Amino acid sequence: MSTYVTNEFKKGLRIEYEGSLYKIVEVNFVKPGKGSAFYRTKMKGLLNGSVLERNFRSGEKVGAPEIEDRTMLYQYADDDNVWFMDMKSYEQFPVRRDIIGDDVNWLVDGMEVEVVVHEGRPIDMTLPNFVELEITECAPGVKGDTATNTTKPATVSTGAEVQVPLFVNEGDWIKVDTRTGSYDSRANR
């Protein structure tokens with residue numbers, strides 16, 4: 001079985017720890033004035049969605065899980081699951097909504113995403129860095145409000161709320177950074 005050493009830890013890394021699969025959500029290197037350095041991590045369980053905070057000594061090893069990335073097509077979401085179709089086998093797979101979390105806000109019908117599969121079961125996904133969405137609801141823009149950093153809330157076609165500049169109007173298409181959930185720019189449409 002292959003392993004990761006703590007100096008390889010980064011946000012998004014999937015590890016096997018104490019018999020379970022986790023995705024590192026936060027990692028900080030801590031070097032106290034007295035004692036040895038360590039890595040403070042916050043991890044999300046890929047099979048059950050639980051959150052675990054652990055400190056690892058510098059140089060400590062953890063397992064590298066046997067996982068596979070597959071390109072899948074987003075189809076739809078229901079109350080419990082988000083449904084994807086494997087692009088090679090045309091087989092449909094549900095992924096529990098609690099595992100995907102807030103990333104469901106950026107899924108658009110027909111979008112291709114990388115789904116992580118472990119032992120034949122989808123357990124996680126990776127979105128593209130940017131997605132183009134239409135603004136379905138927001139306050140009207142005011143002429144001349146283009147040079148300030150002031151923002152207003154806007155609802156996009158997926159139902160998510162994004163802070164946008166004042167000059168953006170209902171019906172406009174915007175580019176959203178899926179890693180932060182923030183407005184990036186107007187979309188070229």
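What follows is calculated from the coordinates using simple rules that are stated; it is not laboratory data. Everything quoted here is computed from the prediction, not taken from an experiment. In this analysis, Cβ positions are derived from the backbone assuming ideal geometry, glycine residues included, and neighbour counts consider all displayed protein chains.
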- Tell me, what are the semi-axes, in whole angstrom and largest first, of the equivalent ellipsoid of region 3-63 as set by the roots of 5 times the Cα gyration tensor eigenvalues? 20, 12, 9
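Run the numbers on region 44-172 and let me know its relative contact order in percent, using alpha-carbon pairs under 8 Å that are six or more apart. It would help to have the intermediate numbers written out before the result.
Numbers: 211 pairs, mean separation 24.0, N = 129.
Relative contact order of region 44-172: 19 percent.
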- Message: Please check: in the Gaussian network model of the chain (C-alpha springs, under 10 Å), which one of Asn129, Asn48, Asn169 has the largest mean-square fluctuation.
- Response: Asn129
- Item | FRET E, pair Thr71, Arg97, Förster distance 22 Å, beta-carbon r, rounded to 0.05 | 0.60
- Item | Estimated D of region 40-189 in µm² per second, where Rh is the Kirkwood radius over Cα pairs and Stokes-Einstein applies at 10 °C, 1.306 mPa s | 91
- Item | Pairwise centroid distance, computed over Cα atoms, of region 76-129 with region 145-189, Å | 25
